[in-house]
Amino acid sequence: MVLSNARLFLENLIKYGILVDPIQVVSLFLKDPYSWPSLCLVILSNVFVLTALHIEKRLAVGTLSERSGSVLHSLNLLTVLCFPALVVLTVSSATPVGALFALLTYTIVFLKLFSFRDVNRWCRERRAKDESAPLGELGTSPAPAKRNSAPGQKTANGDVAESSVSYPANLSYKDLYYFLLAPTLCYELNFPRSPRIRKRFLLRRLIEMLFFTQLIVGLIQQWMVPTIQNSMKPFRDMDYSRIIERLLKLAVPNHFIWLIFFYWLFHSSMNAVAEVLRFGDREFYRDWWNSESVTYFWQNWNIPVHKWCLRHFYVPMIRSGCRRWMARTAVFLLSAFFHEYLVSVPLRMFRLWAFMGMMAQLPLAWFVGKFLQGNYGNAAVWISLIIGQPIAVLMYVHDYYVLNYEGSQ
């Protein structure tokens, strides 16, 4: 495999020469050097963060009713998703890559504030329950509401808390911004903490981040871009044999880049951030490469998102009386929405390829689970990853090219 792909890379160099240009990357984020809409959007996200904190403070002291607080939280969360999308669609100086970075930031803020709202509501419910219980049942006077806060008690993030913080003492700027920076989407009053920052470990992760960033940029410019550019004519002519050939040619570099990006994000970057913050929970992924079913893959390749979906979406739906297949379908619908949101809005075009690709996972999961087991199931998962992503890439690039360039030529 190494020799075969080395030959492909050498063939690429002979045919196109060296196309790597790190300076060109800057133009992906900035169209106008005097206009920074994506960076401004990221900074403005603090407004919604502070709004959520002050709503929770009012709810904690009882100056705001639960119903009013729920309405205000819902409006704030809805604005977190709609405001950046509206800015990206109306401000012409926002580049697709810069817009993607801004929208990804707002999506993370949305998921974190959603969890922040839920956990604090659970704390108030527990506090109200403790206060309403007879003193004889409690044995002592009512205690402040806590959630996974006792030393030695396991948290939902899978480790042991270092110190105890009780509700509502957690409603502080320091606590909330630590959570926003931490590599998790599930809020806790007490996160597991490591005793110190390991400088050598952190240095290795930072070197990996720098190296793999350059490698990804180089592979995209040198390998993927020429292949995608050469795929436009077969798409225009509807030459299916050439389309399939280009698809298979794109699958190899696309999959390499995806694997490298996975390592860069979930191992290097998240561990680096966790080390700086002394964040103790380092389970960012499990052995998804051994997946013998599509369901196992989605449960193990992105643990922070999986935990959020399970805790704040799937389990509440099950408790409300929904059937498991309905809750599972709803989780995929939510994931499909965010995939489409993060692709269509930055590109300023709505084709629903990402949405349909995610929803296609449901029948694929059923088929693999019913008819393929063991290594056959694992092979099906890998084939869907290797072939599925290049199809989506080519569809979006083709539509973006037709929409933005073909008419002007």
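The values are calculated or read from the model by the stated rules, or taken from the named source; none is laboratory data. Only a predicted model underlies this, so the values are computations on that prediction, with no experimental measurement involved. Reconstructed Cβ throughout: ideal geometry from the backbone, glycine too, with neighbour counts over all protein chains shown. Note: areas computed on protein heavy atoms with side chains; ligands, DNA, RNA excluded. Shrake-Rupley method; radii C 1.70, N 1.55, O 1.52, S 1.80 Å.
Heavy-atom accessible surface of residue 326, to the nearest 10 Å², is about 80 Å², with a 1.4 Å probe and all protein chains retained. Phi angles of the range 211-222 translate, via the Karplus equation with coefficients 6.51, -1.76, 1.60 and θ = phi - 60°, into HN-Hα couplings of 5, 6, 4, 5, 5, 5, 4, x, 5, 5, 5, 7 Hz per residue; Gly and Pro are given as x. For the pair residue 131 and residue 245, label points projected 7 Å from Cα toward Cβ lie 7.4 nm apart.
Once both labels are positioned 7 Å from their Cα atoms along Cα-to-Cβ, the gap between residue 193 and residue 238 label points is 6.4 nm.
What the phi angles of the range 353-358 give under the Karplus curve with 6.51, -1.76 and 1.60, with θ = phi - 60°, is a coupling list of 5, 5, 4, 5, x, 5 Hz, glycine and proline written as x. For residue 339, the solvent-accessible surface computed with a 1.4 Å probe is close to 80 Å², ligands and nucleic acids excluded.
Between the amide H of residue 193 and those of 162, 280, distances stay under 5 Å, these residues lying 5 or more places away or on another chain, with hydrogens modeled in the peptide plane.
For the residue pairs 57/307; 174/199; 57/199; 233/307; 112/370; 112/249, the alpha carbons lie more than 32 Å apart in 57/199; 233/307; 112/370; 112/249.
Of the accessible area of the chain, computed with a 1.4 Å probe over protein heavy atoms only, carbon and sulfur atoms account for 67 percent. Would you work out if the range 63-104 is rounded, prolate or oblate? Take a ≥ b ≥ c from the square roots of the eigenvalues of the alpha-carbon gyration tensor; rounded if a/c is under 1.5, else prolate when a/b is larger than b/c, oblate otherwise. Prolate. Counting only protein heavy atoms and a 1.4 Å probe, the chain has 54 square angstrom of accessible area per residue.
Near the amide H of residue 285, within less than 5 Å, lie the amide hydrogens of 303, all on another chain or at least 5 residues away, with H placed in the peptide plane. Apply the a/c threshold of 1.5 to the C-alpha gyration tensor of the range 295-375 and tell me whether it is rounded, prolate or oblate. It is oblate, given that a/c is not under 1.5 and a/b is not larger than b/c.
Using the Cβ-Cβ distance between residue 299 and residue 276 with R0 = 22 Å, the FRET efficiency computed as 1/(1 + (r/R0)^6) comes to roughly 0.20.
Applied to the range 198-206, the Karplus parametrisation 6.51 cos²θ - 1.76 cosθ + 1.60 on θ = phi - 60° returns per-residue 3J(HN,Hα) values of 8, 5, 5, 4, 5, 4, 4, 5, 5 Hz, with x for Gly and Pro. Tell me whether the range 200-356 comes out rounded, prolate or oblate; compute the Cα gyration tensor, take square roots of the eigenvalues as a ≥ b ≥ c, and use a/c under 1.5 as the rounded threshold. Here the range 200-356 falls in the oblate category. Take residue 51: with every protein chain present and a 1.4 Å probe, its accessible area is about 50 Å².
Rank 332, 212, 371 by mean-square fluctuation in a GNM of the chain with C-alpha springs under 10 angstrom and give only the top-ranked residue. Result: 371 has the largest fluctuation of those listed. Look at the alpha carbon pairs under 8 Å that are at least 6 residues apart: their mean separation over the length of the chain gives a relative contact order of 16 percent. For the peptides 95-103, 361-369, 2-10, 235-243, the ranking by packing is 95-103, 361-369, 235-243, 2-10, with the highest mean count of neighbouring Cβ atoms within 10 Å listed first. Label positions at residue 322 and residue 352, each projected 7 Å from the Cα along the C-beta direction, are separated by 2.0 nm.
Here the chain is described by how far its Cα atoms reach on the three principal axes: 82, 55, 47 Å, from widest to narrowest.
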